[in-house]
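Please read the structure below before turning to the comments.
The values are calculated or read from the model by the stated rules, or taken from the named source; none is laboratory data. As the structure is a computational prediction, the values presented were derived from the model and not from experiment. With ideal geometry, Cβ positions are generated from the backbone for all residues, glycine too; neighbour counts draw on all protein chains shown. Remember, those area values only see protein heavy atoms, side chains included, never the ligands or the DNA or RNA. Shrake-Rupley method; radii C 1.70, N 1.55, O 1.52, S 1.80 Å.
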Amino acid sequence: MTVYIDPPTWPGHGRLWSHLVSDVSYAELHAFAEALGVPRRAFERDHYDLPAHRYADAVSAGALEVSSREVVRLLHGAGLRRRKGGDRQRRSS
């Protein structure tokens, strides 16, 4: 199981956020997030939003650190990228 995380540089709700993604399947991503204790409501189209204070937890659990650009490349390469408005189904597996 390989899951990837970008640096917590995305601002929102008074915090910085990372994106947690899989390059294999949403099922793999959901399993990793569940094992990490990340709530399903943190899933957004094709990734989990993870607050900066959980970044080290994800890396310790096995997430590989990559750039934000690499996250997008991985999602596209795996056919898992879902753009806003392009797919109305949120939180599906």
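May I ask you to give the percent of accessible area on the chain that is carbon plus sulfur, with a probe radius of 1.4 Å?
Solvent-exposed carbon and sulfur of the chain make up 51 percent of the total.
Tell me which residues come under 5 Å, amide H to amide H, from Glu44 once H is placed; ignore anything under 5 positions away on its chain.
Asp49
With each run of n ≥ 4 DSSP H residues scored as -39500 (n - 2.57), what mean residue ellipticity at 222 nm is computed for the chain after dividing by its residue count and rounding to the nearest 500 deg cm²/dmol?
-8500 deg cm²/dmol
So, with +1 on the Cβ of K and R and -1 on the Cβ of D and E, and no other charges, what is the size of the charge dipole of the chain about its Cα centre, to the nearest 20 debye?
Rounded to the nearest 20 debye, it is 520 debye.
So, counting K/R as plus one and D/E as minus one, what does the shell of residues with Cβ under 13 Å around Val66 add up to?
-2
Tell me the relative contact order for the chain as a rounded percent, counting alpha carbon contacts under 8 Å between residues six or more apart.
37
Which loop-located trypsin sites (Lys or Arg not before Pro) does region 35-87 contain, where loop means any DSSP state but H, G, I, E or B and the Cβ has at most 14 other Cβ atoms within 10 Å?
Arg83, Lys84
Given axes a ≥ b ≥ c from the Cα gyration tensor, I'd like to know whether region 28-77 is rounded (a/c under 1.5), prolate (a/b larger than b/c) or oblate.
Verdict is oblate for region 28-77.
Quick check of the Kirkwood formula: for the chain, what is the inverse mean of 1/r over all pairs of different Cα atoms, in Å?
This gives a value of 13.0 Å.
Skip the ligands, DNA and RNA, and give the accessible area per residue of region 1-72 with a 1.4 Å probe, whole Å².
51
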